[in-house]
Amino acid sequence: MSWFFLCIGGACGAVTRYKIGEFLLRHAKDGFPLGALCINVSGAMLLGVISGLDFTGSPYLLMGDGFCGAFTTFSTFSVESVKLLKSGNIKKSTLFIGASVILGLTLFLSGYTAGKLFTGAW
């Protein structure tokens, strides 16, 4: 039964990523992968909250591994980084890579802290 929660969460995460990415792509300017950045860092924050709230079992499979796992992807981060590098956009690629890592970690920790504060475990 646990695979069911994983599949439902993954399907919802993938569709949400697609729809948000589609919307952001329509408003993108100058070739910067803002959609990938926004999706990945917001997903990192959501996973931080889920982790901070100490979700386990089926709720974690649904929201953590399922939804967040499909919503955020390292592969998209990698593709966008390489595309920027191959096109000679060193400044944009450095900004994208740096912002993805720094914001992703910062927002995960912020979400984790918020989750812990909410449960009173911090």
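State whether the residues of the stretch 89-101 include one that is over 15 Å from ALA14 (Cα atoms), out of contact with any strand residue (DSSP E or B) (no Cβ under 8 Å at 6 or more places or on another chain) and assigned to a loop (DSSP other than H, G, I, E, B). Walk me through how you get there before you give the answer.
Going through the stretch 89-101, the residues over 15 Å from ALA14 (Cα atoms) turn out to be 89-101.
When the remaining residues are screened for being out of contact with any strand residue (DSSP E or B) (no Cβ under 8 Å at 6 or more places or on another chain), the result is 89-101.
Checking which are assigned to a loop (DSSP other than H, G, I, E, B) leaves us with 89.
Yes, the conditions are met somewhere in the stretch 89-101.
When you scan the stretch 1-70 for helices (runs of 4 or more DSSP H) that lie fully inside it, which ones turn up with 3 or more residues that are closer than 24 Å to SER93 by Cα and touching a Gly at 6+ places or on another chain (Cβ under 6 Å)?
Where helices (runs of 4 or more DSSP H) fall fully within the stretch 1-70 and carry at least 3 residues being closer than 24 Å to SER93 by Cα and touching a Gly at 6+ places or on another chain (Cβ under 6 Å), they are 2-26, 34-52.
Which pairs do you get when a residue that is under 29 Å from TRP122 (Cβ atoms), found in the stretch 53-82, comes within reach of a residue that is of a type in the set (Phe, Trp, Tyr), reach meaning Cβ atoms under 7 angstrom, with the pair 6+ apart or on two chains?
Close Cβ pairs satisfying both conditions: LEU53/PHE118; SER58/PHE5; LEU61/PHE5; LEU62/PHE5; MET63/PHE55; GLY64/PHE55; GLY66/PHE5.
Taking the condition loosely packed, with under 13 Cβ neighbours inside 10 Å and either over 14 Å from the mean Cα position of the chain (by Cα) or at pLDDT below 95 (or both), does LYS83 pass?
Answer is no for this residue.
Would you check if there is a residue in the stretch 29-45 being surrounded by fewer than 17 Cβ atoms within 10 Å (Cβ to Cβ), modelled with pLDDT under 95 and small (Gly, Ala, Ser)?
yes
Here is a yes/no grid of residues against (1) more than 14 Å from the chain's Cα centre (by Cα); (2) more than 24 Å from PHE4 (Cα to Cα):
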position: PHE32; (1), (2): yes, yes
position: CYS38; (1), (2): no, yes
position: GLY52; (1), (2): yes, no
position: PRO59; (1), (2): yes, no
position: GLY66; (1), (2): no, no
position: PHE71; (1), (2): no, no
position: LYS92; (1), (2): yes, yes
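The values are calculated or read from the model by the stated rules, or taken from the named source; none is laboratory data. Keep in mind it's a predicted model, so treat the numbers as computed, not measured. Cβ atoms come from the backbone with ideal geometry, glycine included; neighbour counts cover every protein chain shown.
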